[in-house]
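Right, one structure below, let's go through it.
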Amino acid sequence: QIVPGPADDWLGQVRAGLPHFARFRSGTFEVHPAAGSIGILVEGEARGSTMHYLKQDVTASGGAYPVTVLVDPVNVDVPEIADVDFDADPAAACEQAFAAVMAAQSVSFDAETATISRASALTLDKLMTVSRRCAPDLVLELGGHTDSQGDPAVNTALSEARAAAVMEYMISAGFDPGRLSAVGYGPDQPVQSNDTPEGRAANRRIEFRVRTRSD
């Protein structure tokens with residue numbers, strides 16, 4: 001139903017959001033055009049990445065309406081953690097689960113930036129599913145790493161910014177910010193030789209370290 005009085009650019013905001021909304025499991029997409037109203041309200045069930053990119057694109061479309069997204073997160077299948085026993089040693093199991101996901105697929109970034117590539121959406125959803133399996137008394141350190149090419153100080157700053165970007169994503173998806181920290185290690189902790197393209201690619205990574213609050 002088209003109601004009288006919407007802002008001239010309201011349709012652009014709707015068009016920006018509908019492709020993402022089509023991926024919701026269920027929900028509603030509403031436009032409230034009255035002055036001082038809530039604006040665009042999206043509610044439902046969806047993956048965290050779907051919610052994140054919907055809000056990002058609707059906001060970036062330049063429309064006049066504020067955007068509110070209220071979503072119950074949907075877990076995704078994470079076959080990489082099928083054999084992880086989260087009860088035996090919760091901290092070790094949580095760290096093992098994160099490592100298994102990151103070994104199978106990485107979080108990638110736009111070149112020389114801390115902007116997470118949208119190709120990483122499924123990886124982000126898997127990380128959030130793992131995070132919800134981890135015991136609530138555990139805290140997570142997100143460590144950013146780079147290869148050895150370029151200025152070490154620049155690499156360290158970039159690695160910290162990338163770890164912070166993943167941390168901010170997890171917070172936006174509902175994870176407790178008090179349980180997260182981000183550290184940039186730059187090129188100081190390589191896992192492979194930096195002499196080959198494959199080794200450098202492996203060294204550009206995000207790692208999770210899991211601790212109890214008392215550690």
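The values are calculated or read from the model by the stated rules, or taken from the named source; none is laboratory data. Since this is a predicted model, take the numbers as computed values, not measurements. Reconstructed Cβ throughout: ideal geometry from the backbone, glycine too, with neighbour counts over all protein chains shown. To get the accessible areas, we keep the full protein, side chains included, count just its heavy atoms, and leave off ligands, DNA and RNA. Shrake-Rupley method; radii C 1.70, N 1.55, O 1.52, S 1.80 Å.
Computed quantities for the displayed model
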quantity	calculated
Output for the stretch 110-161, where each listed residue is closer than 23 Å to GLY178 by Cβ, part of a loop (DSSP other than H, G, I, E, B) and either in contact with a helix residue (DSSP H, G or I) (Cβ under 6 Å, 6 or more places away or on another chain) or open to solvent by less than 30 Å² (accessible area, probe 1.4 Å) (or both)	ALA114, CYS134, ALA135
Among (1) touching a Phe, Trp or Tyr at 6+ places or on another chain (Cβ under 7 Å); (2) part of a strand (DSSP E or B) - the single one GLU43 does not satisfy	(1)
Residue within the stretch 132-152 that is among the hydrophobic types (A, V, I, L, M, F, W, C) and free of Cβ contacts under 8 Å to residues at least 24 places away in the same chain present	no
THR212 vs. criteria among the polar types (S, T, N, Q) and touching a residue at least 60 places away in the same chain (Cβ under 8 Å)	yes
Single unsatisfied condition, GLN96 versus (1) open to solvent by 40 Å² or more (accessible area, probe 1.4 Å); (2) farther than 21 Å from LEU180 by Cβ	(2)
Check on VAL101, under 30 Å from ALA201 (Cβ atoms), at pLDDT 95 or above and in a loop (DSSP other than H, G, I, E, B)	no
Complete set of residues in the stretch 52-91 that are in contact (Cβ under 8 Å) with a residue 24 or more places away in the chain, of a type in the set (A, V, I, L, M) and open to solvent by 50 Å² or more (accessible area, probe 1.4 Å)	ALA60, ALA64, LEU70
Scope the stretch 162-205; condition among the β-branched types (Val, Ile, Thr) and either open to solvent by 30 Å² or more (accessible area, probe 1.4 Å) or in a loop (DSSP other than H, G, I, E, B) (or both); matching residues	ILE171, VAL183, VAL191, THR196
